[in-house]
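Report on the structure given below.
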Amino acid sequence: MNLALWICAGLLAAVALFGGIVKTFVPTAKLAASPGGAWVGAAGAGFVKTLGVLEILAAAGLILPAALDIAPVMVPVTAVCWVVLMIGAIVTHVRQGELVPVAANLFYLALAVFVAWGRFGPGSF
């Protein structure tokens, strides 16, 4: 169980880090032109950059607290925050008519629910 939770948290952290870096450092015009990026045109550049920074922090929050054994309860708390973020992403993509990214968001949502459930429950640190 512990290994499965680490793998899921690591995968989520990688996704969060990549997405955060892209949202933080790629120009919003380029993001808006990419597939699944129509929502960027409706959001402000500051909002997109803020989401990027929050995703980078989420990547750290999914791994570092447990790896360093400093406040490991932050791992499931971060996973719950990721669940909320994915619900928002799903709603946003559905409103924009972008259904392909919804499948990926549902997968990440399921991983985050598993990590939150596991780390708050049977696989806690």
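The values are calculated or read from the model by the stated rules, or taken from the named source; none is laboratory data. Since the model is a prediction, treat every value here as computed from it, not as a measurement. Neighbour counts run over all protein chains shown; Cβ positions are idealised from the backbone, glycine included. Only protein heavy atoms, including side chains, enter the accessible area calculation; ligands, DNA and RNA are left aside. Shrake-Rupley method; radii C 1.70, N 1.55, O 1.52, S 1.80 Å.
Pairing residues of segment 62-77 that are open to solvent by 30 Å² or more (accessible area, probe 1.4 Å) with residues that are assigned to a loop (DSSP other than H, G, I, E, B), at Cβ distances under 7 Å and at least 6 apart in sequence or on separate chains, gives P72/F125. Look at G44 and say whether it is among the small types (G, A, S) and open to solvent by 20 Å² or more (accessible area, probe 1.4 Å). Taking the combined requirement at face value, the residue satisfies it. Filtered by the rule that a residue be surrounded by fewer than 16 Cβ atoms within 10 Å (Cβ to Cβ) and more than 13 Å from the chain's Cα centre (by Cα), segment 86-97 gives V91, V94, R95, G97. Taking the criterion of being open to solvent by 40 Å² or more (accessible area, probe 1.4 Å) and at pLDDT 95 or above, the residues of segment 105-123 that qualify are L106, F107, Y108, A110, V113, F114, W117, F120.
Among residues of segment 1-41 being free of Cβ contacts under 8 Å to residues at least 24 places away in the same chain, in contact with a Ser or Thr (Cβ under 9 Å, 6 or more places away or on another chain) and assigned to a helix (DSSP H, G or I), the one that is most open to solvent (accessible area, probe 1.4 Å) is G41. Condition check: modelled with pLDDT of 95 or more, open to solvent by 50 Å² or more (accessible area, probe 1.4 Å) and under 17 Å from the mean Cα position of the chain (by Cα). Does V83 satisfy that? The answer is no for V83.
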